[in-house]
Amino acid sequence: MKLPRLNLTSWILVGFILGILAGIFFGDLASVMKPASEAFIKIWQITILPSVALSLIVGIGSLKRDTAKQIAVKAFLIILLFWVICVVGYFSFQLAFPPRMEASFFSTQDLAPKTDLDLIDQFIPSNPFLSLSDGIIPATVLFCLFLGFALMLDDGNGPVMNILRSLLRAL
């Protein structure tokens, strides 16, 4: 019996379904595949994260100034709309439910580990390449946006943009 010829998307879907079935039927016995699965994910990350970063840089750097202004205004309005929806939703949910009485002797927050999340480091990288390697997406995206805007000032046709386009095609 000859298997039908499938495209890449179909093979990915078949692999996804087979992975779920292997997890359901074999359970912990499938844990021997963990090193192979971690290697597979890391191989994908080698290409996907730089590809996303280069796509942002090249995409923004290739824009004309008028187009970039139109996109920026629309993006600002959409962000403002989401912000207003979130603020209205937050306050309306607080008013929708009655006050809750809590016991003062026990708190689940005492059980949670204390983590210091520095929002400045999450969004403004001191080392953008470390942010890229650590997978800190907001800092990486912000760096790519600023670099794309800086390259846009060169009308998107400079030697740096040509090198970045070549790198993007290679990835």
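The values are calculated or read from the model by the stated rules, or taken from the named source; none is laboratory data. Since the model is a prediction, treat every value here as computed from it, not as a measurement. Cβ: placed from backbone, ideal geometry, glycine included. Neighbour counts: every protein chain shown. Side chains are part of the model used for accessible areas, which takes the heavy atoms of the whole protein and leaves out ligands, DNA and RNA. Shrake-Rupley method; radii C 1.70, N 1.55, O 1.52, S 1.80 Å.
With a Förster radius of 25 Å applied to the C-beta separation of Phe129 and Asn162, the computed FRET efficiency comes to 0.70.
Approximating the spin labels as points 7 Å out from Cα along Cα→Cβ, the Ala36-to-Val88 distance works out to 5.3 nm.
FRET efficiency for the Ile79 to Ile17 pair, using the beta carbon distance and R₀ = 45 Å, is estimated at 0.75. Taking the helices alone, the chain has a mean residue ellipticity at 222 nm of -23500 deg cm²/dmol, built from -39,500 (n - 2.57) per DSSP H run of at least 4 residues and averaged over all its residues. The overall shape of region 112-171 is prolate: from the C-alpha gyration tensor, with semi-axes ordered a ≥ b ≥ c, the ratio a/c is 1.5 or greater and a/b exceeds b/c.
Take the Cα of Ile71, go 7 Å toward its beta carbon, and the backbone nitrogen atoms of region 150-171 under 13 Å from that spot belong to 150-153, 156.
Solvent exposure of the chain, expressed per residue, is 85 Å² of accessible area, with all protein chains present and a 1.4 angstrom probe. Shape of region 17-68 from the C-alpha gyration tensor: prolate (a/c of 1.5 or more and a/b above b/c, with a ≥ b ≥ c the square roots of its eigenvalues).
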